[in-house]
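The next block holds one structure in the form of structure tokens; read it before the comments.
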Amino acid sequence: MLNKEIPFLRILIPFCAGIVSGLIIKPEAWLIAISILILAAGFPVSLIFNKRQQNHIYGILLTCSMYFCGLLLYANEKKQLSVLEPEKGHYICTLTEFPEPRPNSFRAIVRLHYRVDGGDTVGLNGSLMIYFRKDPFVSTLLPGDIIKLECQPLPVVNRGNPHEFDYKFYLENNGIKYYSFSRKDDILAHSRPEKLRLRYRALIIRERIIDMYRERGISDDRIGLVAALTLGQKNLLDPEQKQVFIRAGVMHIMAVSGLHAVILSMFIFNMLFFLKGRLGFIRILIAVALLWGFAFVTGLTPSVLRAALMFSFLQAGKLLQRDVNSINSVLASAMILLIAHPSVLFDAGFLLSYSAVIFIICFYRSFYLKISIKNYGADKIWQSAAVTIIAQAGTLPLTISLFNRFPVWFILTNIIIVPLSSVVVIIGCLVPFTYPVEFISRPLALLMDYLTGLTEVFTEKAASLPFASIENIGMITSESFLLSIFIFLFTMSLLNSKAIPLRVPLIALLVLAGAGSVRSIHDRVTGELIVYNGISESQVGIRTGMMLDLWSVSDTVMPEAARHIMTRGLKVKDIHAGPDVRLIETGNRRILI
């Protein structure tokens, strides 16, 4: 039954499994050839079994085909990235975004095209991250600018701390394997093409919209938050502002997501209420076109692409007068994104967005109907709370494993702040459209400035509440995956016990507890010497079972050590502070620190 209602389910699961396998398996040419021959021979054979009600041979072959497609696409994407020599050279490249100002530098991402060695030109693929020394000229560079650059590419490496964020893997999934330090004088030539790619035009338009906000009265201390709420541009935000929103559990409103797309699409549909009946298709076409325009201007993030694709599928179904399964539309949008860019499967935004929307589609209505409220205002509050609870349940394992915290007051903050931010998003879209008419655009901008300030005040209040956030919690990837399965099955059983008996999620919980116990037993009977590498200092740790002794110049635990401690559930026995050289003995070994 599921195969007919949600055909993309049986396609997407093995496809994703193939991509994940690509982290370990590097397919050789002979393996690819044999697999293609077996599958090509198998499909004609499966036709013999077509007369049966279920063709298991065809199902197995389709699953294997999708698995190998995912594996090969991911492997091919990785192979396309060029290997660069760690020596100075001349590179022809294109700036892919605005240079991002840092305290002592500008960070720029360029797409590599050629390496020029004398008279020889070598074609390249991939991107390079460049840190330019502060210079006014660098700030004038625009996306799409073509530059000839002299630089020395250096491979991106991690610090090697246990359970640290894999920065190298993150950058590689975005096409970046190397970085370089440069100055303005290293730019040997610079030109602007006559015709810009659509993506670069969109980024320039986004920057122009931010300038419009400034010109219409948005204050300097609010412009960063306004740009983040409406356009997803977080480069202007202070780090402390980000932390406040994270602690309050509403960081999702600062990253352009499906929430923004839903708000915008609903607003457009309501504004075009007069296009009904035979003109209904015009209403749909305008809404889809404007939503995709918004997606391009905000940088085509995975969450917005998901929402735009899903909305397009649903509206196409309406035009064709066909019922569209929402889950199938979500999975179809994921399939399109993964075919175009397999590495997006490991993107945090992609995982959080799809986890939240799948839980909302599967469980929101059943959960909402569990409580019937006749009062209109109270019912709307309950609707918002129900969506928040279900979305938080879907993203809980990722929140713990990625951010090592859990926002306690997330229901309260989302009920208040999401409606406020929704109005800010709508006004943020109206200001550029009404910009030529100042007596309309200026009051709108001032209202947006006020509402943004109100949003910030409420968020700060929520973040300062007692027990606003449970900190220092962690989980390894495998346990996070098992917890996701348990929460999904438990929620399904809770809302519909006939579909899933309670014993099924309990079995999943038992597997999760067993995995944690195996890890805990292993940790209790082993020990290790660890050097935590920080930015300005290091700490040495000796783990004996679940106890950790730290040696450091200071008496505080470094963030790099804290992440390891919270993920593995360790306890700090003692911190030996001081600059003195120490000789310690553990077992039959002597270690000089």
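Structural remarks
- Close pairs (9 angstrom Cβ cut-off, 6 or more residues apart or separate chains): charged (D, E, K, R) in segment 3-27, assigned to a loop (DSSP other than H, G, I, E, B) and surrounded by 14 or more Cβ atoms within 10 Å (Cβ to Cβ) anywhere: Glu5/Asn325
- Those residues of segment 237-255 which are in contact with a helix residue (DSSP H, G or I) (Cβ under 6 Å, 6 or more places away or on another chain) and either loosely packed, with under 15 Cβ neighbours inside 10 Å or in contact (Cβ under 8 Å) with a residue 24 or more places away in the chain (or both), in sequence order: Val244, Phe245, Arg247, Ala248, Gly249, Val250, Ile253, Met254
- Exactly one residue among Ser353, Ser333 is touching a Lys or Arg at 6+ places or on another chain (Cβ under 8 Å), of a type in the set (S, T, N, Q), crowded, with 21+ Cβ neighbours inside 10 Å and touching a residue at least 60 places away in the same chain (Cβ under 8 Å), and that residue is Ser353.
- Some residue of segment 439-458 being under 30 Å from Val424 (Cβ atoms), touching a residue at least 24 places away in the same chain (Cβ under 8 Å), out of contact with any helix residue (DSSP H, G or I) (no Cβ under 7 Å at 6 or more places or on another chain) and hydrophobic (A, V, I, L, M, F, W, C): yes
- From Met448, Met475, residue being part of a loop (DSSP other than H, G, I, E, B), buried (at least 18 other Cβ atoms within 10 Å of the Cβ) and not β-branched (Val, Ile, Thr): Met475
- Criterion applied to Phe169, Phe165, Phe132 was being at negative phi and more than 22 Å from the chain's Cα centre (by Cα), and the one residue passing it is Phe132.
- The residue pairs whose first member lies in segment 519-537 and is touching a residue at least 12 places away in the same chain (Cβ under 8 Å), whose second member is surrounded by 10 or more Cβ atoms within 10 Å (Cβ to Cβ) and among the basic types (Lys, Arg), and whose beta carbons are closer than 7 Å, counting only pairs six or more residues apart or on different chains, are Asp523/Arg568; Gly527/Arg543; Glu528/Arg543; Ile530/Arg543; Asn533/Arg159.
- Inside segment 86-125, residues that are out of contact with any helix residue (DSSP H, G or I) (no Cβ under 8 Å at 6 or more places or on another chain), of a type outside the set (A, V, I, L, M) and within 17 Å of Arg199 (Cα to Cα) make up a count of 3.
- Ser180 assigned by TED's automatic domain parsing to the domain that holds Val110, within 30 Å of Glu560 (Cα to Cα) and either touching a Pro at 6+ places or on another chain (Cβ under 7 Å) or buried (at least 18 other Cβ atoms within 10 Å of the Cβ) (or both): yes
- Residues (under 27 Å from the mean Cα position of the chain (by Cα) and assigned to a helix (DSSP H, G or I)) located in segment 214-238: Asp221, Arg222, Ile223, Gly224, Leu225, Val226, Ala227, Ala228, Leu229, Thr230, Leu231
- Any hit, segment 481-489, residues being of a type outside the set (Ser, Thr, Tyr) and outside any helix (DSSP H, G or I): no
- Any chance Gly293 is within 30 Å of Ala463 (Cβ to Cβ) and out of contact with any Ser or Thr (no Cβ under 7 Å at 6 or more places or on another chain): no
One line per residue, one yes/no per condition, for (1) modelled with pLDDT under 85; (2) among the hydroxyl-bearing types (Ser, Thr, Tyr):
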{"residue": "Ala508", "(1), (2)": "no, no"}
{"residue": "Leu512", "(1), (2)": "no, no"}
{"residue": "Gly534", "(1), (2)": "yes, no"}
{"residue": "Ser554", "(1), (2)": "yes, yes"}
{"residue": "Ile565", "(1), (2)": "no, no"}
{"residue": "Ala577", "(1), (2)": "yes, no"}
{"residue": "Ile593", "(1), (2)": "yes, no"}
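- Restricted to segment 336-346, and to residues there that are buried (at least 17 other Cβ atoms within 10 Å of the Cβ) and among the aliphatic types (A, V, I, L, M), the residue that is farthest from Glu5 (Cα to Cα) is Val344.
- Counted residues, segment 403-447 - those being of a type in the set (D, E, K, R) and farther than 30 Å from Ser469 by Cα: 2
- Scoring Gly317 on the criteria (1) assigned to a helix (DSSP H, G or I); (2) in contact (Cβ under 8 Å) with a residue 60 or more places away in the chain; (3) within 25 Å of Phe15 (Cβ to Cβ) leaves a single failure, condition (2).
- Residue selected from segment 117-151 under the condition in contact (Cβ under 8 Å) with a residue 24 or more places away in the chain and among the charged types (D, E, K, R), by the criterion nearest to Thr94 (Cα to Cα): Asp145
The values are calculated or read from the model by the stated rules, or taken from the named source; none is laboratory data. Only a predicted model underlies this, so the values are computations on that prediction, with no experimental measurement involved. Glycine also receives a Cβ, built like all others from the backbone with ideal geometry; neighbour counts cover every protein chain displayed.
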